[in-house]
Amino acid sequence: FHSGKKSIRYFSITRNMSTIYRIPLTKNEPSSKYSWKERVDIHLNIAKSKYGRLTDPRTLKEVAAKGDEPISDYSSDIGYFGPATLGGQQFQLLFDTGSADLWVPKVGYNHGAGSQHNTFDTKKSSTFKTDKQPFSITYGTGHTSGIAATDTFDFAGFSIENQAFGLADTVSDDFKDSPFDGILGMAFDQLAELRAPTPFQNLVNQHEVSSSVFAFLLGRQKDGTSKNSELTIGGVDPKFSSHIKFNKVVDGRGFWQIALDDAQVNEKQVEIQGKEAIIDTGTTLVIIPPADADAIHNAIPGATKQSGTYLIPSDTDAVVSFTFGGATYHIKTEDLIVDDAGNGLSVSGIQGDNMPGMEDTWLVGDVFLKNVYNAYDVNKKAVGFAQVK
(Lines give C-alpha, C1' and ligand atoms only; values in the text may rest on other atoms or scores of the structure.)
Protein backbone atom coordinates (compact mmCIF):
# COMPACT_ATOMS: atom_id res chain seq x y z
CA PHE A 1 0.00 0.00 0.00
CA HIS A 2 1.46 3.33 -1.04
CA SER A 3 -0.32 6.45 0.14
CA GLY A 4 1.25 8.98 -2.20
CA LYS A 5 2.17 12.55 -1.34
CA LYS A 6 0.85 13.94 1.94
CA SER A 7 -0.52 17.47 2.15
CA ILE A 8 -1.28 19.43 5.28
CA ARG A 9 -3.82 22.19 5.79
CA TYR A 10 -4.54 24.28 8.85
CA PHE A 11 -7.67 24.79 10.86
CA SER A 12 -8.95 28.35 10.59
CA ILE A 13 -6.79 29.56 13.47
CA THR A 14 -3.72 31.75 13.70
CA ARG A 15 -0.50 29.86 14.39
CA ASN A 16 2.78 30.83 15.94
CA MET A 17 5.48 28.51 14.61
CA SER A 18 7.39 28.80 17.89
CA THR A 19 4.39 27.45 19.81
CA ILE A 20 4.24 23.90 21.10
CA TYR A 21 0.92 22.09 20.88
CA ARG A 22 -0.42 19.95 23.70
CA ILE A 23 -2.68 16.91 23.84
CA PRO A 24 -4.04 15.85 27.25
CA LEU A 25 -3.54 12.14 27.94
CA THR A 26 -5.51 9.61 29.97
CA LYS A 27 -3.99 6.55 31.66
CA ASN A 28 -5.47 3.14 30.91
CA GLU A 29 -5.26 0.69 33.80
CA PRO A 30 -5.34 -3.10 33.31
CA SER A 31 -8.63 -4.84 34.01
CA SER A 32 -9.14 -6.03 37.59
CA LYS A 33 -10.90 -9.17 36.38
CA TYR A 34 -7.51 -10.88 35.97
CA SER A 35 -5.26 -12.21 38.73
CA TRP A 36 -1.92 -10.48 39.34
CA LYS A 37 -0.12 -13.34 37.60
CA GLU A 38 -2.43 -13.12 34.58
CA ARG A 39 -1.89 -9.36 34.36
CA VAL A 40 1.90 -9.80 34.37
CA ASP A 41 1.61 -12.44 31.65
CA ILE A 42 -0.57 -10.09 29.58
CA HIS A 43 2.12 -7.38 29.79
CA LEU A 44 4.84 -9.84 28.76
CA ASN A 45 2.79 -11.37 25.93
CA ILE A 46 2.00 -7.93 24.55
CA ALA A 47 5.69 -7.06 24.43
CA LYS A 48 6.67 -10.40 22.88
CA SER A 49 4.04 -10.06 20.16
CA LYS A 50 4.97 -6.44 19.52
CA TYR A 51 8.66 -7.14 19.03
CA GLY A 52 8.32 -10.61 17.51
CA ARG A 53 9.00 -9.22 14.04
CA LEU A 54 12.72 -9.23 14.86
CA THR A 55 12.78 -13.03 14.67
CA ASP A 56 12.00 -12.77 10.94
CA PRO A 57 15.27 -13.52 9.10
CA ARG A 58 14.36 -11.03 6.40
CA THR A 59 15.24 -7.38 6.94
CA LEU A 60 12.49 -4.81 7.39
CA LYS A 61 13.46 -3.39 4.01
CA GLU A 62 12.92 -6.75 2.33
CA VAL A 63 9.54 -7.18 4.01
CA ALA A 64 8.41 -3.70 2.97
CA ALA A 65 9.50 -4.24 -0.64
CA LYS A 66 7.38 -7.37 -1.07
CA GLY A 67 4.13 -6.12 -2.58
CA ASP A 68 1.91 -8.94 -1.29
CA GLU A 69 3.35 -8.92 2.24
CA PRO A 70 0.51 -8.56 4.81
CA ILE A 71 0.51 -5.20 6.56
CA SER A 72 1.11 -5.79 10.27
CA ASP A 73 2.06 -3.98 13.42
CA TYR A 74 2.66 -4.77 17.07
CA SER A 75 0.75 -2.66 19.54
CA SER A 76 0.02 -2.51 23.22
CA ASP A 77 -3.43 -2.35 24.79
CA ILE A 78 -2.26 -0.70 28.02
CA GLY A 79 -0.87 2.84 28.15
CA TYR A 80 -1.65 6.53 27.70
CA PHE A 81 -4.18 7.78 25.17
CA GLY A 82 -5.69 11.04 23.93
CA PRO A 83 -8.12 12.63 21.44
CA ALA A 84 -7.83 12.83 17.65
CA THR A 85 -10.14 13.03 14.63
CA LEU A 86 -10.03 10.89 11.49
CA GLY A 87 -12.32 11.63 8.57
CA GLY A 88 -14.21 14.07 10.81
CA GLN A 89 -14.91 11.34 13.39
CA GLN A 90 -13.69 11.41 16.99
CA PHE A 91 -11.35 8.80 18.48
CA GLN A 92 -9.27 8.17 21.59
CA LEU A 93 -5.87 6.84 20.49
CA LEU A 94 -3.03 5.18 22.35
CA PHE A 95 0.20 7.12 21.66
CA ASP A 96 2.87 4.47 21.17
CA THR A 97 6.58 5.16 20.58
CA GLY A 98 7.13 1.43 20.06
CA SER A 99 5.24 1.21 16.75
CA ALA A 100 4.74 3.36 13.65
CA ASP A 101 1.22 2.78 12.31
CA LEU A 102 -2.18 4.39 12.85
CA TRP A 103 -5.31 2.22 13.03
CA VAL A 104 -8.93 2.50 14.17
CA PRO A 105 -11.91 0.07 14.17
CA LYS A 106 -14.53 0.17 11.44
CA VAL A 107 -18.21 0.67 12.23
CA GLY A 108 -19.82 -2.75 12.61
CA TYR A 109 -16.50 -4.47 13.38
CA ASN A 110 -16.75 -7.87 15.00
CA HIS A 111 -17.78 -6.56 18.44
CA GLY A 112 -20.78 -4.88 16.83
CA ALA A 113 -23.34 -2.67 18.54
CA GLY A 114 -22.32 -3.83 22.00
CA SER A 115 -18.94 -2.13 21.74
CA GLN A 116 -18.30 1.12 23.60
CA HIS A 117 -15.59 2.17 21.15
CA ASN A 118 -15.78 4.98 18.65
CA THR A 119 -15.76 3.46 15.17
CA PHE A 120 -15.02 4.76 11.68
CA ASP A 121 -17.91 5.01 9.22
CA THR A 122 -16.68 5.32 5.62
CA LYS A 123 -20.06 6.78 4.59
CA LYS A 124 -19.52 9.78 6.88
CA SER A 125 -16.25 10.85 5.25
CA SER A 126 -16.01 12.45 1.81
CA THR A 127 -12.19 12.26 1.93
CA PHE A 128 -11.86 8.53 2.66
CA LYS A 129 -9.84 6.54 0.09
CA THR A 130 -8.76 2.92 -0.11
CA ASP A 131 -7.40 0.43 -2.63
CA LYS A 132 -8.53 -2.35 -0.25
CA GLN A 133 -5.07 -3.71 0.40
CA PRO A 134 -5.30 -5.96 3.49
CA PHE A 135 -3.50 -5.28 6.74
CA SER A 136 -3.08 -7.37 9.89
CA ILE A 137 -1.87 -6.14 13.27
CA THR A 138 -0.61 -8.60 15.87
CA TYR A 139 -0.77 -7.39 19.45
CA GLY A 140 -1.01 -8.99 22.87
CA THR A 141 -2.89 -12.27 22.80
CA GLY A 142 -4.77 -11.59 19.57
CA HIS A 143 -4.84 -9.55 16.41
CA THR A 144 -6.72 -6.99 14.37
CA SER A 145 -7.15 -6.91 10.61
CA GLY A 146 -8.90 -5.01 7.85
CA ILE A 147 -7.92 -2.77 4.94
CA ALA A 148 -5.37 0.01 4.45
CA ALA A 149 -6.77 3.46 3.67
CA THR A 150 -6.15 7.22 3.77
CA ASP A 151 -8.17 10.12 5.15
CA THR A 152 -7.80 13.51 6.81
CA PHE A 153 -6.32 13.19 10.30
CA ASP A 154 -6.65 15.98 12.89
CA PHE A 155 -4.72 16.18 16.15
CA ALA A 156 -3.05 18.86 18.28
CA GLY A 157 -4.59 21.57 16.07
CA PHE A 158 -3.13 20.19 12.82
CA SER A 159 -5.01 18.67 9.91
CA ILE A 160 -3.13 16.16 7.73
CA GLU A 161 -4.69 15.18 4.43
CA ASN A 162 -4.29 11.66 2.98
CA GLN A 163 -2.86 10.20 6.18
CA ALA A 164 -2.36 6.44 5.84
CA PHE A 165 -4.15 4.29 8.43
CA GLY A 166 -5.49 0.80 8.97
CA LEU A 167 -9.28 0.36 9.09
CA ALA A 168 -9.96 -2.70 11.25
CA ASP A 169 -13.04 -4.86 10.78
CA THR A 170 -11.79 -7.61 13.11
CA VAL A 171 -10.16 -7.21 16.52
CA SER A 172 -9.35 -9.68 19.28
CA ASP A 173 -11.56 -10.09 22.35
CA ASP A 174 -9.07 -8.47 24.73
CA PHE A 175 -9.42 -5.19 22.83
CA LYS A 176 -13.09 -4.77 23.73
CA ASP A 177 -12.23 -3.88 27.35
CA SER A 178 -9.76 -1.11 26.47
CA PRO A 179 -10.91 2.51 26.88
CA PHE A 180 -9.04 3.69 23.78
CA ASP A 181 -10.25 3.13 20.24
CA GLY A 182 -7.05 2.61 18.25
CA ILE A 183 -3.29 3.10 18.09
CA LEU A 184 -1.15 6.04 16.91
CA GLY A 185 2.42 4.82 16.36
CA MET A 186 5.25 7.33 16.85
CA ALA A 187 8.40 5.31 16.09
CA PHE A 188 10.47 5.84 12.92
CA ASP A 189 8.89 5.30 9.52
CA GLN A 190 10.90 2.20 8.62
CA LEU A 191 8.88 0.29 11.23
CA ALA A 192 5.58 1.24 9.58
CA GLU A 193 3.86 -1.79 8.09
CA LEU A 194 1.64 0.62 6.15
CA ARG A 195 4.88 1.85 4.55
CA ALA A 196 3.90 5.49 5.00
CA PRO A 197 4.99 8.35 7.29
CA THR A 198 3.52 8.68 10.76
CA PRO A 199 1.34 11.75 11.40
CA PHE A 200 4.15 13.50 13.27
CA GLN A 201 6.68 12.69 10.53
CA ASN A 202 4.26 14.23 8.03
CA LEU A 203 4.23 17.45 10.06
CA VAL A 204 8.03 17.50 10.12
CA ASN A 205 8.34 16.69 6.41
CA GLN A 206 6.04 19.59 5.51
CA HIS A 207 7.79 21.99 7.93
CA GLU A 208 4.56 22.58 9.82
CA VAL A 209 6.29 22.47 13.22
CA SER A 210 9.24 24.60 14.26
CA SER A 211 10.90 21.67 16.01
CA SER A 212 11.15 17.99 15.08
CA VAL A 213 10.56 17.04 18.71
CA PHE A 214 7.56 15.57 20.51
CA ALA A 215 7.55 14.81 24.22
CA PHE A 216 5.55 13.09 26.96
CA LEU A 217 4.76 13.89 30.56
CA LEU A 218 3.19 10.75 32.05
CA GLY A 219 1.44 11.05 35.38
CA ARG A 220 0.14 8.39 37.73
CA GLN A 221 -3.17 7.76 39.45
CA LYS A 222 -1.51 6.89 42.76
CA ASP A 223 -0.43 10.47 43.49
CA GLY A 224 -3.05 12.37 41.49
CA THR A 225 -0.66 13.48 38.72
CA SER A 226 -2.47 11.44 36.06
CA LYS A 227 -4.52 14.53 35.17
CA ASN A 228 -1.28 16.31 34.18
CA SER A 229 -0.33 13.73 31.55
CA GLU A 230 0.21 15.25 28.12
CA LEU A 231 1.90 14.93 24.75
CA THR A 232 3.57 18.04 23.31
CA ILE A 233 3.99 18.41 19.55
CA GLY A 234 6.72 20.53 17.94
CA GLY A 235 8.86 21.11 21.01
CA VAL A 236 9.11 20.55 24.74
CA ASP A 237 7.56 22.10 27.81
CA PRO A 238 9.73 25.14 28.67
CA LYS A 239 9.99 24.15 32.33
CA PHE A 240 11.94 21.03 31.30
CA SER A 241 13.88 22.37 28.31
CA SER A 242 17.07 23.32 30.18
CA HIS A 243 17.22 19.96 31.99
CA ILE A 244 16.79 17.51 29.10
CA LYS A 245 19.82 15.49 28.09
CA PHE A 246 19.55 13.76 24.72
CA ASN A 247 20.96 10.36 23.72
CA LYS A 248 21.55 9.36 20.11
CA VAL A 249 19.58 6.44 18.71
CA VAL A 250 22.01 3.55 18.23
CA ASP A 251 19.95 1.15 16.13
CA GLY A 252 18.73 1.63 12.57
CA ARG A 253 15.68 -0.63 12.68
CA GLY A 254 13.27 2.17 13.53
CA PHE A 255 12.99 1.93 17.32
CA TRP A 256 13.81 4.67 19.81
CA GLN A 257 16.77 2.57 20.96
CA ILE A 258 19.63 4.09 22.97
CA ALA A 259 22.67 2.93 24.92
CA LEU A 260 22.23 2.05 28.60
CA ASP A 261 25.25 2.80 30.81
CA ASP A 262 24.25 0.89 33.93
CA ALA A 263 21.69 0.51 36.71
CA GLN A 264 21.72 1.07 40.46
CA VAL A 265 19.70 -0.07 43.47
CA ASN A 266 19.79 2.33 46.42
CA GLU A 267 22.67 4.16 44.69
CA LYS A 268 24.79 1.00 44.50
CA GLN A 269 25.77 -0.06 40.99
CA VAL A 270 24.45 -3.33 39.64
CA GLU A 271 26.74 -5.18 37.26
CA ILE A 272 24.87 -4.35 34.07
CA GLN A 273 26.85 -2.88 31.20
CA GLY A 274 26.94 -2.83 27.43
CA LYS A 275 23.17 -3.05 26.98
CA GLU A 276 20.76 -1.03 24.85
CA ALA A 277 17.22 0.06 25.67
CA ILE A 278 14.13 0.61 23.52
CA ILE A 279 12.07 3.48 24.94
CA ASP A 280 8.40 2.56 24.54
CA THR A 281 5.43 4.55 25.87
CA GLY A 282 3.14 1.72 24.75
CA THR A 283 4.68 -0.78 27.18
CA THR A 284 3.81 -0.67 30.87
CA LEU A 285 6.66 -2.59 32.51
CA VAL A 286 10.44 -2.52 32.24
CA ILE A 287 11.24 -5.88 30.62
CA ILE A 288 14.89 -6.92 30.66
CA PRO A 289 17.01 -10.07 30.18
CA PRO A 290 16.48 -12.52 33.08
CA ALA A 291 20.11 -12.29 34.24
CA ASP A 292 19.79 -8.50 34.54
CA ALA A 293 16.45 -8.84 36.36
CA ASP A 294 18.09 -11.29 38.78
CA ALA A 295 20.92 -8.83 39.44
CA ILE A 296 18.53 -5.97 40.21
CA HIS A 297 16.19 -7.97 42.43
CA ASN A 298 19.07 -9.63 44.28
CA ALA A 299 19.96 -6.11 45.42
CA ILE A 300 16.42 -5.39 46.70
CA PRO A 301 15.96 -6.73 50.25
CA GLY A 302 13.13 -9.26 50.44
CA ALA A 303 12.66 -9.61 46.68
CA THR A 304 11.70 -13.07 45.46
CA LYS A 305 10.54 -14.92 42.38
CA GLN A 306 7.37 -17.00 42.04
CA SER A 307 6.42 -18.90 38.89
CA GLY A 308 8.83 -16.75 36.89
CA THR A 309 7.44 -13.45 38.22
CA TYR A 310 9.57 -11.08 40.30
CA LEU A 311 7.95 -9.92 43.54
CA ILE A 312 9.12 -7.28 45.99
CA PRO A 313 8.00 -6.42 49.55
CA SER A 314 4.95 -4.18 49.51
CA ASP A 315 6.66 -1.90 52.04
CA THR A 316 9.97 -1.72 50.18
CA ASP A 317 11.81 1.58 50.11
CA ALA A 318 14.18 0.51 47.35
CA VAL A 319 15.08 3.07 44.69
CA VAL A 320 16.14 1.71 41.30
CA SER A 321 17.97 4.03 38.92
CA PHE A 322 19.08 3.83 35.28
CA THR A 323 21.97 5.75 33.72
CA PHE A 324 21.82 6.97 30.12
CA GLY A 325 24.53 9.14 28.59
CA GLY A 326 26.19 9.69 31.95
CA ALA A 327 23.00 10.99 33.60
CA THR A 328 21.21 8.94 36.25
CA TYR A 329 17.42 8.88 36.59
CA HIS A 330 15.52 7.45 39.55
CA ILE A 331 12.33 5.37 39.61
CA LYS A 332 10.02 6.20 42.49
CA THR A 333 9.40 3.26 44.79
CA GLU A 334 5.66 3.56 44.17
CA ASP A 335 6.26 2.84 40.48
CA LEU A 336 8.19 -0.35 41.26
CA ILE A 337 5.02 -1.67 42.92
CA VAL A 338 2.55 -2.43 40.12
CA ASP A 339 0.16 -4.98 41.64
CA ASP A 340 -0.69 -6.62 44.98
CA ALA A 341 0.41 -10.27 45.07
CA GLY A 342 -0.72 -10.92 48.66
CA ASN A 343 1.22 -12.00 51.75
CA GLY A 344 3.00 -8.66 51.98
CA LEU A 345 4.40 -8.93 48.45
CA SER A 346 3.78 -6.94 45.28
CA VAL A 347 4.54 -7.50 41.62
CA SER A 348 7.71 -5.70 40.60
CA GLY A 349 7.57 -3.19 37.76
CA ILE A 350 10.79 -4.73 36.43
CA GLN A 351 10.38 -8.21 34.97
CA GLY A 352 12.79 -10.59 33.28
CA ASP A 353 12.12 -12.08 29.88
CA ASN A 354 13.87 -12.46 26.55
CA MET A 355 12.24 -10.51 23.75
CA PRO A 356 12.33 -12.44 20.46
CA GLY A 357 15.55 -11.79 18.57
CA MET A 358 16.76 -9.14 21.02
CA GLU A 359 17.98 -11.06 24.04
CA ASP A 360 20.43 -8.35 25.23
CA THR A 361 18.03 -5.43 24.77
CA TRP A 362 16.01 -3.73 27.49
CA LEU A 363 12.42 -2.69 26.87
CA VAL A 364 11.83 0.42 28.97
CA GLY A 365 8.18 1.30 29.47
CA ASP A 366 6.00 3.48 31.66
CA VAL A 367 7.33 2.22 35.01
CA PHE A 368 10.44 4.27 34.19
CA LEU A 369 8.92 6.88 31.87
CA LYS A 370 6.53 8.20 34.53
CA ASN A 371 9.63 9.43 36.34
CA VAL A 372 11.13 11.43 33.49
CA TYR A 373 9.99 13.99 30.98
CA ASN A 374 10.76 12.04 27.79
CA ALA A 375 11.41 13.79 24.47
CA TYR A 376 11.96 12.38 20.96
CA ASP A 377 13.73 14.20 18.10
CA VAL A 378 12.95 12.55 14.75
CA ASN A 379 15.46 14.62 12.74
CA LYS A 380 18.40 14.27 15.11
CA LYS A 381 17.34 10.71 16.01
CA ALA A 382 17.72 11.19 19.73
CA VAL A 383 15.80 10.53 22.95
CA GLY A 384 16.03 12.96 25.85
CA PHE A 385 15.16 12.73 29.54
CA ALA A 386 14.72 15.15 32.42
CA GLN A 387 13.97 13.88 35.92
CA VAL A 388 10.45 14.73 37.10
CA LYS A 389 10.51 15.74 40.76
*Could you tell me which of the residues 259, 263 is closer than 17 Å to residue 363 by Cβ, outside any loop (DSSP other than H, G, I, E, B) and more than 19 Å from the chain's Cα centre (by Cα)?*
263
*asked:* I want to confirm something. Restricting to the stretch 317-341 and keeping residues that are over 23 Å from the mean Cα position of the chain (by Cα) and either modelled with pLDDT under 95 or outside the structural domain of residue 370 (by TED's automatic domain parsing) (or both), which single residue is surrounded by the most Cβ atoms within 10 Å (Cβ to Cβ)?
replied: 341
*Assess whether residue 210 counts as being assigned to a loop (DSSP other than H, G, I, E, B) and either among the small types (Gly, Ala, Ser) or at pLDDT below 95 (or both).*
yes
*Just for helices (runs of 4 or more DSSP H) wholly inside the stretch 287-389: which have at least 2 residues that are of a type in the set (A, V, I, L, M) and in contact with an Asp or Glu (Cβ under 9 Å, 6 or more places away or on another chain)?*
290-298, 366-369
_Which of the numbered conditions does residue 329 fail, given that it passes all the others? Conditions: (1) out of contact with any strand residue (DSSP E or B) (no Cβ under 8 Å at 6 or more places or on another chain); (2) within 25 Å of residue 248 (Cβ to Cβ)._
(1)
*Output the number of the condition that residue 194 fails; it satisfies all remaining conditions of (1) part of a loop (DSSP other than H, G, I, E, B); (2) modelled with pLDDT under 95; (3) in contact with a Gly (Cβ under 6 Å, 6 or more places away or on another chain).*
(3)
*Does residue 314 fit the bill of being over 17 Å from residue 257 (Cα atoms), surrounded by fewer than 17 Cβ atoms within 10 Å (Cβ to Cβ) and modelled with pLDDT of 95 or more?*
yes
*Working only within the stretch 238-253, note down all residues that are in a loop (DSSP other than H, G, I, E, B) and within 10 Å of residue 373 (Cα to Cα).*
243, 244
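The values are calculated or read from the model by the stated rules, or taken from the named source; none is laboratory data. These numbers were taken from a predicted model, which means no experiment stands behind them. We place every Cβ from the backbone using ideal geometry, glycine too, and count neighbours over all the protein chains shown.
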